[in-house]
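Structure record follows, encoded as structure tokens.
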Amino acid sequence: MSIRLRPVHTDAAGQEHEWAGDGAAVPDVPAQGTETPARAPDPGAHLPGVQAAWRRAHGWGNGLWRRLSPWLVPALAVVVWQALGSAGVIPTRVLPTPIAVVQAFLSLAHTGELWQDIAVSARRAAIGFAVGAGTGLLLGLVNGVFSVADRLLDSSVQMIRTIPHLALIPLVILWFGIGETAKEFLVALGAMFPVYLNTYHGVRGVDAGLVEMARMYGLTGWAFYRHVLFPGALPSILVGVRYALGITWTTLIVAETISADAGIGYMVMNAREFVQMDVVVLGIVLYALLGKLSDVVARLLERWLLPWRVTWGGDAQ
Amino acid sequence: MTDAAAQAKQTAERPGVPIALAGVWKSFDGHPVIQGLNLAAQPGEFLAIVGRSGCGKSTLLRLMAGLAQPDAGKVEVAWRTGARDGGVRMMFQDARLLPWKRVIDNVRLGARGEDADEAARAALAQVGLLEKARAWPHTLSGGQRQRVALARALASRPRLLLLDEPLGALDALTRLEMQRLVEDVWRAHGFTAVLVTHDVAEAIALADRIVLMAGGTIAGEWTVRLPRPRPRDAAFYHLEQEILSAIMDGTAAGGHRAV
């Protein structure tokens, strides 16, 4: 497995950083995964090294400016949006103003409805993700390690993977009805494959030289998995986890819009029937924030689990 | 004193194990690499194997390590008949440290038993890198990484140390330092050492005996009796020229010379 340096530009303000090493894993992730990791505005991501160097040379890259600059464009957009709404250029029936969305948030938060809907959605996301990612991890480890399992299972998994999981909605409704299980199943199905693929490639991509060394030093069985195989595959596994988290929220949005009696999706659909545009927009913003939040959690997980990799980024800065 | 106790005492004093290869053949994809090779090493001996690239010397080392099996013939290393984790250790061309473990934990991989922590620290101290115990491998230089790899090999008190050009990628100065270090630990521990190298000077600096591999078998042999540590004097230089020209000829005199 090659170890790549993170791009030069990484700071606390929530940029994407594409340090994850296993190049082979990324193209295999289902297409819907590529658009999900961060839905919140994210300017300043992937700054080329030259640009970052220029900024440093001109004293841009430090202090308050560096922290605030990623939020400048979104803040400006909100201000313009509010101004256009207040001036009546954008009719509030088409798009409510940011202040109206905040007011909707406050009133729903006050009644407690909002928190209940968020809790229901978060629970669906958590259960679906845990089941899906857990299954993907297990399958990936087993197929990566045991060639017999690989021969038996991999082509089947690959076939199922190519089916867009949202296309299964009619079938899932027939199987599970419209209850919680149906939504959790869809989320699990969506979250499983990115984790599976990246785990599999992570295991297969562990440096053969290290494996040979481990054999030579008498590491077998559990000790071999614990000291060599799993840590070696972990960076790739975490890439899968990040993709899976993105897919989790995408899937949930669709699943909750089809049939639900609670959750953010229900809140949005309900508001649409009563033409409460401010609540509709609030729901969309909530999805964006929750998606971003899980991405931040995933990145913290990476920092915590891969201190030896984070130091690479530290060196590059 | 019982036989077992006597044996244990002897083992403690002379931890090196003998190696014997007899009529060994090994081929890859029908292409013979080792052809009926015979070679033996005494307990505690420092043996160097030199030869051109692709002459099969690394394959020979892998056979000794048990990483490969011969197609025919016998590879006998005494440790295999003894304890299960019988202290054969290998240093590779690259250090092969686990990047996700700190230096001390990498060294600890080589240690066994209750005093593993202590053994790891002692080994690290021996290669002079105790202050780097908590460092990540990627923060070390190439030479430091190989010293950690050496410490990892030493942590289990090896009885046979196989060295597959471990100094090949180091700069000239670091290389000389590492040669000195390898010689020191070999003399301190008394294990049997087998070094594969294409650097004839390195072989002369370290080895009791140098064998030349060509055509899949032993094509020449030199016993080196120069005093240690070996100064690069006229005798050293003369021997180096002799072995180099033997390598270039491909077919050496085949005889055995003591210098």
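The values are calculated or read from the model by the stated rules, or taken from the named source; none is laboratory data. Remember, it's a predicted structure, so these values are computed and weren't measured experimentally. Heads up, the Cβs are rebuilt from the backbone with ideal geometry, glycines too, and the neighbour counts pull from every protein chain shown.
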Practice item. Determine if the range A:152-170 includes at least one residue that is surrounded by 14 or more Cβ atoms within 10 Å (Cβ to Cβ), of a type outside the set (S, T, N, Q), farther than 27 Å from A:LEU238 by Cα and in contact (Cβ under 8 Å) with a residue 40 or more places away in the chain. Key: yes
Check your understanding: Does the range A:215-238 contain any residue that is part of a helix (DSSP H, G or I), closer than 30 Å to A:SER121 by Cβ and out of contact with any Gly (no Cβ under 8 Å at 6 or more places or on another chain)?
Key -> yes
Check your understanding: Of the conditions (1) of a type in the set (Gly, Ala, Ser); (2) in contact with a strand residue (DSSP E or B) (Cβ under 6 Å, 6 or more places away or on another chain); (3) surrounded by fewer than 18 Cβ atoms within 10 Å (Cβ to Cβ), B:ALA153 fails just one. Which one is it?
Key -> (3)
Review point. Does A:ILE237 satisfy the criteria of being within 14 Å of chain B (Cβ to nearest Cβ), over 30 Å from B:MET91 (Cβ atoms) and either surrounded by fewer than 21 Cβ atoms within 10 Å (Cβ to Cβ) or at pLDDT 90 or above (or both)?
Key: yes
Review point. What are the residue pairs meeting all of these: first residue in the range B:136-160, first residue without any contact (Cβ under 8 Å) to a residue 24 or more places away in the chain and within 12 Å of chain A (Cβ to nearest Cβ), second residue basic (Lys, Arg) and outside any helix (DSSP H, G or I), Cβ atoms under 9 Å, and 6 or more apart or on different chains?
Key: none
Review point. Which condition does B:VAL107 not pass, out of (1) surrounded by fewer than 21 Cβ atoms within 10 Å (Cβ to Cβ); (2) within 12 Å of another protein chain (Cβ to nearest Cβ), if it passes all the others?
Key: (1)
Review point. Hey, which of the helices (runs of 4 or more DSSP H) in the range A:114-208, taking only ones fully inside, have at least 2 residues that are out of contact with any Lys or Arg (no Cβ under 6 Å at 6 or more places or on another chain) and of a type in the set (Gly, Ala, Ser)?
Key: A:147-162, A:180-204
Check your understanding: When only residues in the range A:85-98 that are surrounded by 14 or more Cβ atoms within 10 Å (Cβ to Cβ) and over 12 Å from A:MET277 (Cα atoms) count, which is modelled with the highest pLDDT?
Key -> A:GLY85
Revision key, fill the gap. Of the candidates B:THR217, B:THR197, the one satisfying the condition of being of a type in the set (S, T, N, Q), more than 18 Å from B:PRO158 (Cα to Cα) and more than 15 Å from the chain's Cα centre (by Cα) is B:THR217
Practice item. Collect the residues in the range A:175-224 that are within 27 Å of the chain's Cα centre (by Cα) and without any contact (Cβ under 8 Å) to a residue 24 or more places away in the chain, keeping them in residue-number order. Key: A:PHE176, A:GLY179, A:THR181
**Study point:** Hits in the range A:216-229 - residues which are more than 13 Å from B:GLY110 (Cβ to Cβ) and either within 7 Å of chain B (Cβ to nearest Cβ) or in contact with a strand residue (DSSP E or B) (Cβ under 9 Å, 6 or more places away or on another chain) (or both)
**Key:** A:VAL228
Practice item. Mind listing whichever residues of the range A:195-211 are within 9 Å of A:SER236 (Cβ to Cβ) and within 14 Å of chain B (Cβ to nearest Cβ)? Key: A:GLY202, A:GLY205
Review point. Among (1) in contact with a Lys or Arg (Cβ under 7 Å, 6 or more places away or on another chain); (2) outside any loop (DSSP other than H, G, I, E, B); (3) not small (Gly, Ala, Ser), where does B:GLN146 come up short?
Key: (1)
